[in-house]
Amino acid sequence: MKRWTRETEIDAPIEEVWKFLDGSVENMQKIMPQVVEHKPVKITEEVVGSVYRQKYREGKRTEEYDIETLEYLNETNEKKLKVGFTLAKMFEITAFYELKKINDNKTSFTYTVTSRPIKWFLKLLLLFATDKVVVEFLERVKNVAEAETGRQ
């Protein structure tokens with residue numbers, strides 16, 4: 001298994017950043033433009049255990065997978081969302097988003113991704129994997145949130 005964690009400060013209120021992670025499909029697409037569909041399959045009252053079917057376009061190919069909510073916290077000063085899914089029947093992925101309110105206009109954002117190969121021969125691929133995708137995602141969230149609040 002491989003794990004990447006990166007953190008950044010975003011010049012935007014915590015609720016403004018949260019809406020991209022726990023909001024409408026339109027807001028989600030601003031930070032994840034490859035997501036073409038995100039529909040509920042099973043919704044639980046406590047959010048944890050909820051499942052969404054997501055369609056993701058990579059070039060001309062569209063992948064479809066179910067994303068399960070593994071952890072959820074929505075407090076005034078702290079928010080957490082952890083989801084898990086199987087990518088292309090090859091990797092079990094978790095994405096963990098943590099937001100902490102620094103002040104009314106600044107948010108700490110920590111993003112952690114884990115990738116576990118399902119088949120033994122895929123372990124070799126992880127040896128060459130970098131944190132490039134994680135870093136780019138962090139920058140995209142920061143840029144979109146700051147642009148929407150006019151703080152860029």
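The values are calculated or read from the model by the stated rules, or taken from the named source; none is laboratory data. These figures come from a predicted structure and were not determined experimentally. Every residue, glycine among them, receives a Cβ derived from its backbone with ideal geometry; neighbour counts consider all protein chains shown. Ligands, DNA and RNA are stripped out before the accessible areas are found, and what is left, the full protein with its side chains, is counted by its heavy atoms. Shrake-Rupley method; radii C 1.70, N 1.55, O 1.52, S 1.80 Å.
Could you list all residues from the range 89-101 that are free of Cβ contacts under 8 Å to residues at least 60 places away in the same chain, in a strand (DSSP E or B) and charged (D, E, K, R)? Matches in the range 89-101: GLU92, GLU98. Considering each residue of the range 46-62 in turn, none proves to be under 30 Å from GLU9 (Cβ atoms) and touching a residue at least 60 places away in the same chain (Cβ under 8 Å).
Taken over the range 45-88, the criterion of being of a type in the set (Ser, Thr, Tyr) and either closer than 22 Å to MET1 by Cβ or part of a strand (DSSP E or B) (or both) is satisfied by TYR52, TYR56, THR62, TYR65, THR69, TYR72, THR86. Whenever a residue of the range 1-19 is in contact (Cβ under 8 Å) with a residue 12 or more places away in the chain, its partners that are open to solvent by less than 30 Å² (accessible area, probe 1.4 Å) and among the aromatic types (Phe, Trp, Tyr), lying with C-beta atoms within less than 7 angstrom and at least six residues away or across chains, give the pairs ARG6/TYR111; GLU7/PHE109; THR8/PHE109; ILE10/PHE109; VAL17/PHE109.
Residue check: GLU37 meets all listed conditions (1) within 23 Å of GLU139 (Cα to Cα); (2) open to solvent by less than 40 Å² (accessible area, probe 1.4 Å); (3) in contact (Cβ under 8 Å) with a residue 12 or more places away in the chain but one, namely (2). Residues that are over 17 Å from ASP22 (Cα atoms) and not basic (Lys, Arg) were ranked within the range 60-90; the one that is least open to solvent (accessible area, probe 1.4 Å) is TYR65.
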